[in-house]
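Novice: Right, I'll just put the structure down here and ask away after.
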Amino acid sequence: MLNLFERWMLYYELVLKSSPDDAPFFDMPQIIRPLRQLWEADEAYYLFEKEQAALRIRDFDVDEDAGVAKLLINLSDKRISDPVFENLETGELRTEPKLDGEGVALSAHMLISLNRIAGRRYPVFQVLLEDVPGIGRTKLAPFLTSLIKKSETWKFTDD
């Protein structure tokens with residue numbers, strides 16, 4: 001079980017594989033710029049689970065000197081139970097109901113290297129993700145793919 005005062009970081013390798021197979025490869029800086037533009041336009045979100053849940057980039061920073069993009073990823077889900085608070089002295093419980101359109105929110109920090117791992121067939125980049133139950137690679141992969149597709153930067157014609 002996670003300690004309330006500690007955070008674990010999970011290490012992943014993010015592969016940027018173009019489709020179709022003969023499409024050009026991209027480096028992470030080429031991907032990060034349009035993602036940042038979506039975030040600045042408040043368009044860096046993805047609705048899923050029949051629009052009962054959403055992922056969004058809540059904060060975005062790029063440290064060129066360190067070669068890393070820093071994202072704060074937010075998950076909100078209408079299906080999560082309303083939070084309950086307990087008075088420490090009396091034990092009295094109070095439920096705080098969600099308002100219409102709201103979901104319980106969770107956040108995780110994500111660091112993405114801007115530099116490729118050498119010697120790989122496809123562009124591969126190191127990723128560190130804060131371990132927060134509910135926000136993992138199973139949800140993040142379609143989220144990031146949807147944001148990349150949402151950007152107009154990636155539309156090509158086959159000459």
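Novice: Report the GluC sites (Glu not before Pro) located in segment 76-159 that are in a DSSP loop and have at most 15 other Cβ atoms inside 10 Å of their Cβ, or state none.
Specialist: Those satisfying the criteria are Glu89, Glu92, Glu102.
Novice: Charges only on Cβ, +1 for Lys and Arg, -1 for Asp and Glu: so what's the dipole of the chain about the Cα centre, in debye to the nearest 20?
Specialist: Taking the Cα centre of the chain as origin, the dipole is about 540 debye.
Novice: Given 0.36 nm per residue, what is the gain on full extension from Lys70 to Asp22 after removing their alpha carbon distance, in nm?
Specialist: Value of the extension gain: 14.2 nm.
Novice: Return a whole-number percent for the relative contact order of segment 12-159, with Cα pairs under 8 Å and 6 or more residues apart as the contact set.
Specialist: Rounded, it is 26 percent for segment 12-159.
Novice: What is the calculated FRET efficiency for Tyr12 to Arg116, with r their C-beta to C-beta distance and R₀ = 22 Å, to the nearest 0.05?
Specialist: Efficiency at R0 = 22 Å is approximately 0.90.
Novice: Considering only protein heavy atoms, with the full assembly of protein chains and a 1.4 angstrom probe, order Trp39, Trp8 by accessible area, largest first.
Specialist: Output order, biggest surface exposure first: Trp8, Trp39.
Novice: FRET efficiency for Glu89 and Asp131, Cβ-Cβ distance as r, R0 = 30 Å, nearest 0.05?
Specialist: Using R0 = 30 Å, I get an efficiency of 0.35.
Novice: What is segment 1-88's relative contact order, in percent, from Cα pairs under 8 angstrom and six or more apart in sequence?
Specialist: Across segment 1-88, relative contact order equals 16 percent.
Novice: Keeping the other protein chains in place, figure out the carbon and sulfur percent of the accessible area of the chain, with a 1.4 Å probe.
Specialist: It is 51 percent, rounded to a whole number.
Novice: Follow-up. Please report, in cubic angstrom per residue, the volume enclosed by the convex hull of the alpha-carbon atoms of the chain.
Specialist: Enclosed volume per residue, from the Cα hull, is 160 Å³.
Novice: Continuing with this model, one more query. Taking loop as defined by DSSP and a crowding limit of 16 other beta carbons within 10 Å, which trypsin sites (Lys or Arg not before Pro) in segment 42-89 fit?
Specialist: Answer in residue order: Lys50, Lys78, Arg79.
Novice: In deg cm²/dmol, rounded to 500, what helix-only [θ] at 222 nm does the chain give when every DSSP H run of at least 4 residues adds -39500 (n - 2.57) and the total is split over its residues?
Specialist: Roughly -5500 deg cm²/dmol at 222 nm, from the helical runs in the chain.
Novice: Among the aspartates and glutamates, which have Cα under 19 Å from the Cα of Lys78 when same-chain residues fewer than 8 positions away are ignored?
Specialist: Glu49, Glu51, Glu96, Asp100, Glu102
The values are calculated or read from the model by the stated rules, or taken from the named source; none is laboratory data. Keep in mind that this is a model prediction, so the values were computed, not measured. Note that each Cβ is placed from the backbone with ideal geometry, even for glycine, and that neighbours are counted across all protein chains shown. What goes into the accessible areas is simple: the full protein's heavy atoms, side chains included, and nothing from ligands, DNA or RNA. Shrake-Rupley method; radii C 1.70, N 1.55, O 1.52, S 1.80 Å.
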